[in-house]
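Inspection log for the structure reproduced underneath, given as C-alpha coordinates.
The values are calculated or read from the model by the stated rules, or taken from the named source; none is laboratory data. Note that this is a predicted model, so its numbers are computed, not measured. A quick note on method: Cβ atoms are made from the backbone with ideal geometry, for glycine too, and the neighbour counts reach across all protein chains shown. Side chains included, ligands, DNA and RNA excluded: accessible areas come from the protein's heavy atoms. Shrake-Rupley method; radii C 1.70, N 1.55, O 1.52, S 1.80 Å.
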Amino acid sequence: QAEEDFKNPVGTEDEAETAAVEPPVEFVPPTMPPTMPPTVETTEVNAPVESVESRLARITAILSPVTNLTDQSSPQYKSIVTLSAASEEILLIPTNPTLYPKFIQHYVIVLLYYTLGGSNWNFPANFFSTGEECDWNVQSVLFYVGGVFCKDGAVTSLYLPSNNLRGTIPTEIGLLSSMKLLRLNSNDLSGEIPSELSKLTNLVDLQLNHNALTGSIPTLFNEFWTSLEILNFANNLLTGTIPTDITMLHRSLAVLALDDNLLEGLVSDKMGALTELAYLYLEQNGFNDTLADDSLV
(Lines give C-alpha, C1' and ligand atoms only; values in the text may rest on other atoms or scores of the structure.)
Protein backbone atom coordinates (compact mmCIF):
# COMPACT_ATOMS: atom_id res chain seq x y z
CA GLN A 1 0.00 0.00 0.00
CA ALA A 2 2.86 2.41 0.82
CA GLU A 3 4.37 1.77 -2.63
CA GLU A 4 1.01 2.56 -4.30
CA ASP A 5 0.67 5.75 -2.24
CA PHE A 6 4.09 6.85 -3.49
CA LYS A 7 3.06 6.27 -7.12
CA ASN A 8 -0.35 8.03 -6.73
CA PRO A 9 0.06 10.58 -3.92
CA VAL A 10 -3.38 12.17 -4.45
CA GLY A 11 -5.33 8.89 -4.26
CA THR A 12 -8.47 8.36 -6.40
CA GLU A 13 -9.73 10.54 -9.29
CA ASP A 14 -12.44 12.16 -7.03
CA GLU A 15 -9.81 12.97 -4.44
CA ALA A 16 -7.60 14.40 -7.16
CA GLU A 17 -10.41 16.65 -8.39
CA THR A 18 -11.07 17.91 -4.85
CA ALA A 19 -7.41 18.54 -4.27
CA ALA A 20 -7.28 20.63 -7.43
CA VAL A 21 -10.01 23.11 -6.26
CA GLU A 22 -9.27 23.31 -2.54
CA PRO A 23 -6.85 26.11 -1.59
CA PRO A 24 -3.54 24.91 -0.19
CA VAL A 25 -3.15 24.90 3.55
CA GLU A 26 -0.90 27.74 4.65
CA PHE A 27 2.41 26.50 6.00
CA VAL A 28 3.16 27.72 9.51
CA PRO A 29 6.78 27.32 10.50
CA PRO A 30 7.41 25.74 13.88
CA THR A 31 8.23 28.06 16.75
CA MET A 32 10.76 25.57 18.17
CA PRO A 33 13.55 23.81 16.31
CA PRO A 34 12.98 20.14 15.64
CA THR A 35 13.95 17.90 18.46
CA MET A 36 17.36 16.24 17.84
CA PRO A 37 17.61 12.54 18.48
CA PRO A 38 19.22 11.79 21.82
CA THR A 39 22.94 11.28 21.69
CA VAL A 40 24.25 7.92 22.78
CA GLU A 41 27.73 7.64 24.16
CA THR A 42 29.54 4.83 22.41
CA THR A 43 32.74 3.17 23.49
CA GLU A 44 35.05 2.08 20.65
CA VAL A 45 35.90 -1.57 21.01
CA ASN A 46 39.45 -2.27 19.81
CA ALA A 47 40.36 -5.65 18.43
CA PRO A 48 42.49 -7.56 20.90
CA VAL A 49 46.22 -7.24 20.26
CA GLU A 50 47.77 -10.59 19.46
CA SER A 51 50.52 -11.58 21.84
CA VAL A 52 54.09 -12.09 20.70
CA GLU A 53 53.82 -15.71 21.80
CA SER A 54 50.81 -16.27 19.56
CA ARG A 55 52.53 -14.64 16.59
CA LEU A 56 55.65 -16.71 17.23
CA ALA A 57 53.60 -19.90 17.20
CA ARG A 58 51.91 -18.99 13.92
CA ILE A 59 55.22 -18.04 12.28
CA THR A 60 56.80 -21.29 13.45
CA ALA A 61 53.96 -23.27 11.88
CA ILE A 62 54.57 -21.58 8.51
CA LEU A 63 58.37 -21.82 8.52
CA SER A 64 59.03 -25.17 10.18
CA PRO A 65 58.75 -27.11 6.89
CA VAL A 66 61.51 -25.02 5.25
CA THR A 67 63.96 -24.17 8.03
CA ASN A 68 65.37 -25.56 11.28
CA LEU A 69 63.93 -23.75 14.29
CA THR A 70 64.87 -26.19 17.03
CA ASP A 71 67.99 -24.34 18.20
CA GLN A 72 66.88 -21.23 20.08
CA SER A 73 70.40 -19.78 19.90
CA SER A 74 70.50 -19.97 16.09
CA PRO A 75 70.10 -17.08 13.62
CA GLN A 76 67.00 -18.88 12.35
CA TYR A 77 65.29 -18.66 15.71
CA LYS A 78 66.47 -15.09 16.26
CA SER A 79 64.92 -14.19 12.91
CA ILE A 80 61.48 -15.54 13.78
CA VAL A 81 61.59 -13.79 17.15
CA THR A 82 62.23 -10.54 15.27
CA LEU A 83 59.28 -11.25 12.97
CA SER A 84 56.96 -12.07 15.85
CA ALA A 85 57.84 -8.83 17.66
CA ALA A 86 56.69 -6.73 14.70
CA SER A 87 53.13 -5.44 14.91
CA GLU A 88 50.43 -6.73 12.57
CA GLU A 89 50.35 -3.29 10.91
CA ILE A 90 54.01 -3.65 9.95
CA LEU A 91 54.16 -7.36 9.17
CA LEU A 92 51.03 -9.34 8.43
CA ILE A 93 51.27 -13.06 9.14
CA PRO A 94 49.33 -14.76 6.34
CA THR A 95 46.58 -17.27 6.99
CA ASN A 96 46.15 -18.15 3.33
CA PRO A 97 48.78 -20.73 2.22
CA THR A 98 49.02 -19.07 -1.19
CA LEU A 99 50.67 -16.12 0.58
CA TYR A 100 53.24 -18.24 2.41
CA PRO A 101 55.99 -17.89 -0.26
CA LYS A 102 56.09 -14.11 0.11
CA PHE A 103 56.29 -14.43 3.89
CA ILE A 104 59.03 -17.06 3.59
CA GLN A 105 60.95 -14.71 1.31
CA HIS A 106 60.79 -11.99 3.97
CA TYR A 107 62.08 -14.45 6.55
CA VAL A 108 65.04 -15.50 4.37
CA ILE A 109 66.16 -11.89 3.93
CA VAL A 110 65.93 -11.30 7.70
CA LEU A 111 67.87 -14.53 8.23
CA LEU A 112 70.63 -13.40 5.86
CA TYR A 113 70.99 -10.23 7.91
CA TYR A 114 71.47 -12.12 11.18
CA THR A 115 73.56 -14.94 9.72
CA LEU A 116 76.00 -12.65 7.94
CA GLY A 117 76.53 -10.11 10.74
CA GLY A 118 74.22 -7.38 9.49
CA SER A 119 74.77 -5.12 12.50
CA ASN A 120 78.43 -4.76 11.46
CA TRP A 121 77.93 -4.22 7.74
CA ASN A 122 79.68 -1.27 6.18
CA PHE A 123 76.48 -0.32 4.44
CA PRO A 124 73.13 -1.21 6.07
CA ALA A 125 71.22 -0.88 2.76
CA ASN A 126 68.03 0.25 4.52
CA PHE A 127 67.39 -3.15 6.09
CA PHE A 128 64.35 -3.03 8.42
CA SER A 129 63.48 0.48 7.21
CA THR A 130 59.94 -0.76 6.45
CA GLY A 131 57.98 -3.99 6.77
CA GLU A 132 58.56 -4.73 3.07
CA GLU A 133 61.89 -6.41 2.24
CA CYS A 134 61.74 -5.13 -1.34
CA ASP A 135 62.35 -1.62 0.06
CA TRP A 136 65.61 -2.65 1.72
CA ASN A 137 68.00 -1.19 -0.80
CA VAL A 138 69.70 1.94 -2.05
CA GLN A 139 70.06 2.59 -5.76
CA SER A 140 70.98 5.39 -8.06
CA VAL A 141 69.55 6.16 -11.46
CA LEU A 142 72.19 4.13 -13.28
CA PHE A 143 73.19 1.27 -10.99
CA TYR A 144 72.60 -0.65 -7.78
CA VAL A 145 74.29 0.67 -4.65
CA GLY A 146 73.34 -2.24 -2.45
CA GLY A 147 70.60 -4.29 -0.89
CA VAL A 148 67.60 -6.36 -1.94
CA PHE A 149 65.90 -5.71 -5.28
CA CYS A 150 62.59 -7.13 -6.44
CA LYS A 151 60.29 -7.39 -9.40
CA ASP A 152 56.55 -7.92 -8.87
CA GLY A 153 57.20 -8.57 -5.19
CA ALA A 154 59.76 -11.35 -5.73
CA VAL A 155 63.46 -10.96 -4.88
CA THR A 156 65.46 -10.95 -8.11
CA SER A 157 68.78 -9.49 -6.91
CA LEU A 158 70.81 -9.62 -3.74
CA TYR A 159 73.67 -7.17 -4.15
CA LEU A 160 75.97 -6.81 -1.12
CA PRO A 161 79.60 -6.80 -2.34
CA SER A 162 82.39 -5.33 -0.21
CA ASN A 163 80.10 -4.92 2.77
CA ASN A 164 81.88 -6.78 5.59
CA LEU A 165 79.57 -9.78 5.44
CA ARG A 166 80.88 -12.45 7.84
CA GLY A 167 79.68 -15.99 8.43
CA THR A 168 78.30 -18.92 6.49
CA ILE A 169 75.76 -18.55 3.68
CA PRO A 170 72.53 -20.07 5.04
CA THR A 171 71.02 -22.97 3.13
CA GLU A 172 67.67 -21.14 3.10
CA ILE A 173 69.03 -18.90 0.36
CA GLY A 174 67.83 -21.61 -2.01
CA LEU A 175 64.25 -20.55 -1.26
CA LEU A 176 64.71 -17.31 -3.23
CA SER A 177 63.80 -19.08 -6.45
CA SER A 178 63.23 -15.92 -8.54
CA MET A 179 66.73 -14.55 -7.99
CA LYS A 180 68.72 -13.62 -11.08
CA LEU A 181 71.69 -11.86 -9.53
CA LEU A 182 73.59 -12.92 -6.41
CA ARG A 183 76.69 -10.91 -5.62
CA LEU A 184 78.22 -11.45 -2.20
CA ASN A 185 81.80 -11.05 -3.42
CA SER A 186 84.64 -9.28 -1.62
CA ASN A 187 83.49 -10.06 1.89
CA ASP A 188 84.60 -12.46 4.63
CA LEU A 189 82.24 -15.38 4.01
CA SER A 190 83.40 -18.74 5.33
CA GLY A 191 82.23 -22.33 5.30
CA GLU A 192 81.08 -24.24 2.25
CA ILE A 193 79.06 -23.10 -0.73
CA PRO A 194 75.55 -24.39 0.03
CA SER A 195 74.29 -27.03 -2.38
CA GLU A 196 70.85 -25.40 -2.09
CA LEU A 197 72.05 -22.84 -4.63
CA SER A 198 71.13 -25.53 -7.14
CA LYS A 199 67.51 -24.41 -6.75
CA LEU A 200 68.26 -20.94 -8.13
CA THR A 201 67.92 -21.95 -11.76
CA ASN A 202 67.00 -18.41 -12.87
CA LEU A 203 70.41 -17.00 -11.96
CA VAL A 204 72.24 -15.01 -14.60
CA ASP A 205 75.06 -13.65 -12.43
CA LEU A 206 76.57 -15.62 -9.49
CA GLN A 207 79.61 -14.08 -7.84
CA LEU A 208 81.05 -15.30 -4.53
CA ASN A 209 84.67 -14.45 -5.28
CA HIS A 210 87.17 -12.93 -2.85
CA ASN A 211 85.90 -14.58 0.30
CA ALA A 212 87.20 -17.42 2.48
CA LEU A 213 84.90 -20.20 1.27
CA THR A 214 86.16 -23.74 1.79
CA GLY A 215 85.31 -27.28 0.70
CA SER A 216 84.62 -28.49 -2.80
CA ILE A 217 82.39 -26.88 -5.39
CA PRO A 218 79.03 -28.61 -4.89
CA THR A 219 76.94 -30.17 -7.62
CA LEU A 220 74.71 -27.27 -8.60
CA PHE A 221 73.84 -27.42 -12.25
CA ASN A 222 71.35 -29.40 -14.30
CA GLU A 223 69.30 -29.08 -17.48
CA PHE A 224 67.16 -26.34 -15.93
CA TRP A 225 70.11 -23.95 -15.78
CA THR A 226 69.78 -22.10 -19.07
CA SER A 227 70.54 -18.49 -18.11
CA LEU A 228 73.75 -18.36 -16.06
CA GLU A 229 76.29 -16.16 -17.82
CA ILE A 230 78.77 -15.32 -15.05
CA LEU A 231 80.12 -17.80 -12.49
CA ASN A 232 82.84 -16.38 -10.27
CA PHE A 233 84.20 -18.39 -7.34
CA ALA A 234 87.75 -17.00 -7.64
CA ASN A 235 90.01 -16.12 -4.70
CA ASN A 236 88.64 -18.52 -2.12
CA LEU A 237 89.98 -21.68 -0.48
CA LEU A 238 88.04 -24.18 -2.55
CA THR A 239 89.43 -27.69 -2.93
CA GLY A 240 88.72 -30.76 -5.05
CA THR A 241 88.09 -30.83 -8.78
CA ILE A 242 85.92 -28.91 -11.20
CA PRO A 243 82.56 -30.71 -11.04
CA THR A 244 81.43 -32.39 -14.23
CA ASP A 245 77.97 -30.82 -14.02
CA ILE A 246 79.48 -27.48 -15.04
CA THR A 247 79.09 -28.67 -18.63
CA MET A 248 75.32 -28.25 -18.18
CA LEU A 249 75.94 -24.51 -18.57
CA HIS A 250 77.02 -24.90 -22.20
CA ARG A 251 74.06 -22.88 -23.49
CA SER A 252 74.78 -19.68 -21.57
CA LEU A 253 78.04 -19.48 -19.59
CA ALA A 254 80.28 -16.68 -20.88
CA VAL A 255 82.57 -16.07 -17.88
CA LEU A 256 84.04 -18.77 -15.61
CA ALA A 257 86.46 -17.65 -12.89
CA LEU A 258 87.88 -20.30 -10.57
CA ASP A 259 91.38 -18.87 -10.22
CA ASP A 260 93.29 -18.52 -6.95
CA ASN A 261 91.85 -21.54 -5.17
CA LEU A 262 93.21 -24.97 -4.21
CA LEU A 263 91.57 -26.93 -7.01
CA GLU A 264 93.25 -29.92 -8.67
CA GLY A 265 92.67 -32.66 -11.20
CA LEU A 266 91.96 -32.48 -14.91
CA VAL A 267 90.18 -29.63 -16.66
CA SER A 268 90.48 -29.94 -20.44
CA ASP A 269 87.73 -32.50 -20.99
CA LYS A 270 85.21 -30.34 -19.15
CA MET A 271 85.98 -26.97 -20.73
CA GLY A 272 85.42 -28.02 -24.32
CA ALA A 273 81.67 -28.40 -23.83
CA LEU A 274 81.22 -24.75 -22.82
CA THR A 275 80.70 -23.42 -26.31
CA GLU A 276 79.54 -19.94 -25.22
CA LEU A 277 82.55 -19.37 -22.96
CA ALA A 278 84.44 -16.15 -23.68
CA TYR A 279 86.55 -15.72 -20.53
CA LEU A 280 88.15 -18.51 -18.51
CA TYR A 281 90.27 -17.97 -15.40
CA LEU A 282 91.89 -21.06 -13.84
CA GLU A 283 95.35 -19.85 -12.81
CA GLN A 284 96.83 -20.28 -9.34
CA ASN A 285 95.42 -23.74 -8.67
CA GLY A 286 96.93 -27.23 -8.58
CA PHE A 287 95.60 -28.68 -11.82
CA ASN A 288 97.50 -31.65 -13.25
CA ASP A 289 97.12 -30.78 -16.92
CA THR A 290 97.13 -27.80 -19.22
CA LEU A 291 94.55 -26.71 -21.72
CA ALA A 292 95.26 -27.56 -25.32
CA ASP A 293 95.05 -24.65 -27.74
CA ASP A 294 91.96 -26.11 -29.36
CA SER A 295 90.20 -27.28 -26.19
CA LEU A 296 87.71 -24.41 -26.25
CA VAL A 297 87.07 -24.42 -29.98
Original post:
With r defined as the distance between the Cβ atoms of residue 284 and residue 51 and R0 fixed at 45 Å, what FRET efficiency is calculated, to the nearest 0.05?
Top reply: 0.20
Original post:
Can you give the accessible area of residue 251, probe radius 1.4 Å, in Å² rounded to 10?
Top reply: 110
Subject >> Spin-label proximity, residue 275 to the stretch 229-255 - amide N less than 12 Å from point 7 Å beyond Cα toward beta carbon >> reply: 250-252
Subject >> Compactness of the stretch 143-262, expressed as Rg and Dmax over alpha-carbon positions, Å >> reply: 13.4, 41
Original post:
For the pair residue 162 and residue 262, what calculated FRET efficiency results from E = 1/(1 + (r/R0)^6), where r is the Cβ-Cβ distance and R0 = 25 Å, to the nearest 0.05?
Top reply: 0.60
Original post:
When the solvent-accessible surface of protein heavy atoms is calculated with a 1.4 angstrom probe, in what order do 241, 275 fall, highest first?
Top reply: 275, 241
Subject >> Inter-site label distance for residue 60 and residue 73 at 7 Å from Cα along Cβ, in nm >> reply: 1.9
Original post:
Probe 1.4 Å, all protein chains in place: accessible area of residue 103 in Å², nearest 10?
Top reply: 10
**OP:** Could you state the accessible area per residue of the stretch 153-214 in Å², with a 1.4 Å probe and every protein chain left in place?
**Re:** 32
